[in-house]
Amino acid sequence: MLNTAMANGSGERRDENVLLAFQVITDTHVRADARHTYNVNLEKALQDIATHGTGSAGVMHVGDVTDHGFPEEFEEWKRIWSQHGDSLPPLYMTMGNHDVGLGNWEERSSRFLYETGTESIYHDHWIDGYHFIFLGTEEGLEIFCSLSEQQLAWLDAKLGENAAADRPVFLFLHQPLKNTVAGSYEEQKWYGVVQDAELRAVLARHPQTILFTGHTHWELQAPNNYFTRQGELPAMFNAASVAYLWTDEDKHKDGSQGYYVEVYKDHVSVRGRDFTRGEWIEAAKFRVDFPRK
């Protein structure tokens, strides 16, 4: 628990009532070339977190750690992460389609788990009294993810574990559900869960969930990055990308973005961060009130 006021990235003082703080990044797409823009963007993002994330409980990575899942890309990922040493909070990860969907599934998934030190394809952690759950594809699909009946049943049970309407559960999956967050609309084409209906059915039973996804790269200045339809599905957030961004005009955009998250007694604050500029994103400041119904 954070029990003292701390400086955040804007020079403000962090509210001493913050119960938990963490960061969400995704789609780092690390390349083998240390000088590649994606790698440089990751270095800047981690430096931002090291500088402004004092007291953070962790960095949550929502997949596409590497661009192709190559061994030399994972080596470069580890080099960049290790540069910051003890200045970074613990790292928790799930896989993306670029990590495991371009080649032999067994080989790629085993490599991801080994190189990142991730214990299993799907896993959960209790951090300072809050539940963090990570899902992962069980097939090496090029764009979509596939969740087995076993994983969905596991998720349903985990979401109900010590559940309380006024205590959020944080869920991470690389691909978003269709027609939810920015980039996932049918015409935008960057949704991607084979078992879309089945996952929706599970989530509908657990309104205290907050789901963070990546995959779309949609910039945080765009509308619809926060999906909220109380009574239908839990809150969902698109987490943009550290490597590069995409726009509503269906165009590539240079940039690097992610979230700083703070948990309070009655709400969760989700704030977009421009890692390249070292600035908060005014259009991406969200509040999720609890309990949700």
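In terms of Cα to Cα distance under 17 Å, which lysines are near enough to Lys78, apart from those fewer than 8 places away along the same chain?
Lys44
Considering only Leu113, Leu233, Leu42, give the residue with the highest GNM mean-square fluctuation for the chain, with springs between Cα atoms whenever their separation is below 10 Å.
So, out of Leu113, Leu233, Leu42, the one fluctuating most is Leu113.
What shape does region 78-186 take by its C-alpha gyration tensor, where a ≥ b ≥ c are the square roots of the eigenvalues and a/c under 1.5 counts as rounded, a/b above b/c as prolate, and the rest as oblate?
Verdict is oblate for region 78-186.
With all protein chains present, how much of the accessible area of the chain (probe radius 1.4 Å) comes from carbon and sulfur, to the nearest whole percent?
Values: 5590 of 11900 Å².
Carbon and sulfur: 47 percent of the exposed surface of the chain.
Could you report the accessible area of Asp166 in Å², rounded to 10, computed with a 1.4 Å probe on the protein chains as they sit in the structure?
Taking all protein chains as shown, Asp166 has close to 90 Å².
How high is the relative contact order of region 204-293? Use alpha-carbon pairs under 8 Å, at least six apart in sequence, and give a whole percent. Walk me through the numbers on the way to the answer.
Details: 191 pairs, mean separation 22.8, N = 90.
Computed over region 204-293, the figure is 25 percent.
Tally Lys/Arg at +1 and Asp/Glu at -1 over every other residue whose Cβ is under 14 Å from the Cβ of His125; what's the total? Walk me through the intermediate numbers first.
On the way: positive: Lys158; negative: Glu119, Asp124, Asp128, Glu161.
Here the count lands on -3.
Under 8 Å for C-alpha pairs, at least 6 residues apart: give me the relative contact order for the chain, rounded to a whole percent. Intermediate results must be reported in sequence, preceding the final value.
On the way: 726 pairs, mean separation 55.1, N = 293.
Here the relative contact order equals 19 percent.
For the chain, modelled as a Gaussian network with Cα springs under 10 Å, which listed residue fluctuates most, Thr276, Thr209, Thr137?
Thr276
Putting +1 on Lys and Arg Cβ atoms and -1 on Asp and Glu Cβ atoms, find which of Ser184, Asn225, Ser109 reaches farthest to the positive end of the dipole of the chain.
Asn225
What are the aspartates and glutamates whose alpha-carbon lies under 15 Å from the alpha-carbon of Lys158, with same-chain residues fewer than 8 places away excluded?
Asp124, Glu149
Name the aspartates and glutamates eligible as straight-distance cross-link partners of Lys251: C-alpha to C-alpha under 15 Å, and not fewer than 8 places from it in the same chain.
Excluding near neighbours in sequence, the set is Glu187, Glu219.
Expressed as a rounded percentage, what relative contact order does region 20-122 have, with Cα pairs under 8 Å and six or more residues apart? Mind dumping the intermediate values first?
Numbers: 171 pairs, mean separation 31.0, N = 103.
Result for region 20-122 is 30 percent.
Tell me the per residue accessible area of the chain using a 1.4 Å probe; a whole number in Å² is fine.
Numbers: 11900 Å² over 293 residues.
Computed with neighbouring chains in place, this is 41 Å² per residue.
Of the candidates Gln83, Gln150, Gln23, which one comes out as most mobile in a Gaussian network treatment of the chain with C-alpha springs shorter than 10 Å?
Per the Cα network of the chain with a 10 Å cutoff, Gln150 tops the list.
The values are calculated or read from the model by the stated rules, or taken from the named source; none is laboratory data. All of these numbers come straight from a predicted model, not from anything done at the bench. Don't worry about glycine lacking a Cβ; one is built from the backbone with ideal geometry, like all the others, and counts go over all protein chains shown. Accessible surface is based on the protein model in full, side chains and every heavy atom, while ligands, DNA and RNA are left aside. Shrake-Rupley method; radii C 1.70, N 1.55, O 1.52, S 1.80 Å.
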